[in-house]
Amino acid sequence: MKPEKLIENAEVNMARRSFLRYAGAGVAAVGVLSATSCSKTFDDYKGAPGKSKIDIGATGDLAILNYAYALEQLEAAFYINVAAHMYTGASADEIALLTDIRDHEVAHREFFKAALGTNAIPALTPNFNAIDFSSRSSVLAAARAFEDTGVTAYNGAGYLIQNPAYLTLAGKIVSVEARHAAYIRNLITPGSFADTTVLDANGMDKQQSIAAVLGIANSFLTTKVSASSYGYVAS
Amino acid sequence: MNLFGIIEEIGKADPEFQDRISPRRDAIKNITGFGSKVAVAAIPFAFSTLFKKAYGQAATVSVTDVLNYALKLEYLEAAFYNAGIAATGLTFSSTERAYLTTIQGHENAHVAFLKSVLGSAAVAQSTQGTNGTYDFTAGGTFPTVLTNVDTFFAVAQAFEDTGVRAYKGAAPSLLGQQVPLTAALNIHSVEARHASAVRQIRRARGAATTKPWITGANDTGIAAVNANYAGEDNLNQGGVTITSLSGVSGNISTNAATECFDEPLTMAQVVALVGPFGVK
């Protein structure tokens, strides 16, 4: 693993205070972070890397909301990294809309964090070593995977939600993830916004179980997320 | 989909389901007899009745009602794309035509799916519009819908965005019902993919401010569809003001806050919006 990658991972996983410091400092902060050793960088980020494993908790709406929070943390971290190290060859339109998506995912993450309050799982540490952020195809393929998986995750968890207001909130978010997915897919291959690789013969998206989704998500996380109440324990 | 499959699925998702309804085992027996003697049509009704009994709470809208509501909207959308693609007055680029053909396929597939689920409880297409024929001008509001490509895409965008809102609004009526809710959600997100794609087409055609997501309320540039976007500029979600949250540079912007959450519409709101096209 290249040190540079580790630092990128740390950058995208900052707790809010550090994050604001970074945002305020702008590009200059990249240099500062680059000069920092990895361990020291992690030490700075309070609460972030404390646990290598977390669980979304007992069966119920809080667990489902934390499940969503975990996925939104991952997406937000990914797009923050994308926008901070934009791949070469991106059009102005691409940059603008990918930045929009970043802001949407950050808003989703912060929404869940605020809504869950003390019930929220901790900040997760992502691991994006498999993604080459300088490569358009690598970034967009990852983005497509995140968005399509997000859609199947919300669709699959909808029936587990007990409070109708939370179901509506999940619905408000999943359609935005689907809008993102359609955009990203068209960037990769025009017209693939809803092709047969994601839809079934009835022209419908598919759902995935919590276990299946977390299995995918954990491949991009250093902090492994389990849902033992829903039959999934991260290996 | 059939009743027994549904009950089996519920059993998997909710192992206590059988226990909970055991005092009313008769309900299941009755339905079994009912289903075999009468029509498949009765099953959705029986299904929702069973749920009311099982959970002791009256659903305000039955599953059949929700599915027929969805079917009516899908009839409209399918007919709209069928008409647009066949219209000699509309000249699409090959890319646009390919997008539309994909969407058309999905809307017609949604119709077929919902009809198969509803069986003879399905509302007939011939009951819609005038003997099954819609007025896509909505009583003259969009006179050039089948002759002007930009108008066609504007109406398409409104249909898709409204479809997303309709499914979202209906979802709580299916709360906890794994099979029908998941099916509705799986259609809901496809409508959102369509909405995004149509918006991308409009952006490429020069409606530069149109993004794949909804910014503010009505961002179509067409005042006639203001009501379709009413409330999309909501900034408060579950008691949290999104613009008070930290973004990457300062707080989340108003635009981003409205874009990142789509909003539902009630059945009554949607029926009023699609009424002028002939949906009944």
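Run A:Met204 past the list (1) more than 23 Å from A:Ala227 (Cβ to Cβ); (2) away from chain B (no Cβ under 13 Å); (3) of a type outside the set (Lys, Arg) and report the number of the one that doesn't hold.
Here A:Met204 clears every test but (2).
Let me confirm something: among A:Ala234, A:Ala211, which residue is more than 9 Å from chain B (Cβ to nearest Cβ) and touching a Gly at 6+ places or on another chain (Cβ under 7 Å)? First the steps, then the outcome.
On the way: A:Ala234 fails: touching a Gly at 6+ places or on another chain (Cβ under 7 Å).
Just one listed residue meets the conditions, A:Ala211.
Hey, A:Asp61 hits all of (1) in contact (Cβ under 8 Å) with a residue 60 or more places away in the chain; (2) over 18 Å from B:Gly239 (Cα atoms) but one; which does it fall short on?
(2)
Of all residues in the range B:134-163, count the ones that are out of contact with any Pro (no Cβ under 9 Å at 6 or more places or on another chain) and either acidic (Asp, Glu) or within 14 Å of chain A (Cβ to nearest Cβ) (or both).
Counting residues in the range B:134-163 that are out of contact with any Pro (no Cβ under 9 Å at 6 or more places or on another chain) and either acidic (Asp, Glu) or within 14 Å of chain A (Cβ to nearest Cβ) (or both) gives 7.
Across the range B:214-253, what is the total count of residues that are in a helix (DSSP H, G or I) and within 13 Å of chain A (Cβ to nearest Cβ)? Break it down into steps so the answer makes sense when it comes.
Start the filter on the range B:214-253 by keeping residues that are in a helix (DSSP H, G or I), which leaves B:223-229, B:242-244.
Filter once more, keeping what is within 13 Å of chain A (Cβ to nearest Cβ): B:242-244.
Residues flagged as in a helix (DSSP H, G or I) and within 13 Å of chain A (Cβ to nearest Cβ) within the range B:214-253 amount to 3.
Output the residues belonging to the range B:109-126 that are more than 8 Å from every other protein chain (Cβ to nearest Cβ) and surrounded by 13 or more Cβ atoms within 10 Å (Cβ to Cβ).
Our first condition is that a residue be more than 8 Å from every other protein chain (Cβ to nearest Cβ); within the range B:109-126, this holds for B:111, B:114-126.
Answer for the range B:109-126, where residues must be more than 8 Å from every other protein chain (Cβ to nearest Cβ) and surrounded by 13 or more Cβ atoms within 10 Å (Cβ to Cβ): B:Val111, B:Leu114, B:Lys115, B:Val117, B:Leu118, B:Gly119, B:Ala121, B:Ala122, B:Val123, B:Gln125.
Return the only residue of A:Tyr154, A:Tyr159 being aromatic (Phe, Trp, Tyr), at the interface with another protein chain (Cβ under 7 Å from one of its Cβ atoms) and either surrounded by fewer than 22 Cβ atoms within 10 Å (Cβ to Cβ) or part of a helix (DSSP H, G or I) (or both). Give the steps one after another, and end with the answer.
Numbers: A:Tyr154 fails: at the interface with another protein chain (Cβ under 7 Å from one of its Cβ atoms).
Just one listed residue meets the conditions, A:Tyr159.
Starting from the range B:86-100, take each residue that is more than 19 Å from A:Ala194 (Cβ to Cβ) and list its partners that are assigned to a loop (DSSP other than H, G, I, E, B) and among the β-branched types (Val, Ile, Thr), counting only C-beta distances under 6 angstrom and pairs at least six apart or across chains.
Cβ pairs passing all conditions: B:Gly89/B:Thr147.
In the range A:123-141, what residues are surrounded by fewer than 21 Cβ atoms within 10 Å (Cβ to Cβ) and small (Gly, Ala, Ser)?
Result: A:Ala130, A:Ser134, A:Ser135, A:Ser137, A:Ser138, A:Ala141.
Considering each of A:Ala145, A:Ala90, A:Ala130 in turn, give the residue that is of a type in the set (Gly, Ala, Ser) and assigned to a helix (DSSP H, G or I). Write out each step before concluding.
On the way: A:Ala90 fails: assigned to a helix (DSSP H, G or I); A:Ala130 fails: assigned to a helix (DSSP H, G or I).
Only one candidate qualifies: A:Ala145.
Output the residue which, of all residues in the range B:250-280 that are polar (S, T, N, Q) and over 15 Å from the mean Cα position of the chain (by Cα), is surrounded by the fewest Cβ atoms within 10 Å (Cβ to Cβ).
The first filter runs over the range B:250-280 and keeps only residues polar (S, T, N, Q), leaving B:251, B:253-255, B:258, B:266, B:269.
Filter once more, so that each one left must be over 15 Å from the mean Cα position of the chain (by Cα): B:251, B:253-255, B:258.
Details: B:Asn251: 16, B:Ser253: 16, B:Thr254: 14, B:Asn255: 17, B:Thr258: 22.
Here the residue is B:Thr254.
Any read-out appearing in this document is the output of simple, stated calculations on the displayed coordinates, not a laboratory observation. Computed from a prediction, not measured in an experiment: that's the story for all the values here. Don't worry about glycine lacking a Cβ; one is built from the backbone with ideal geometry, like all the others, and counts go over all protein chains shown.
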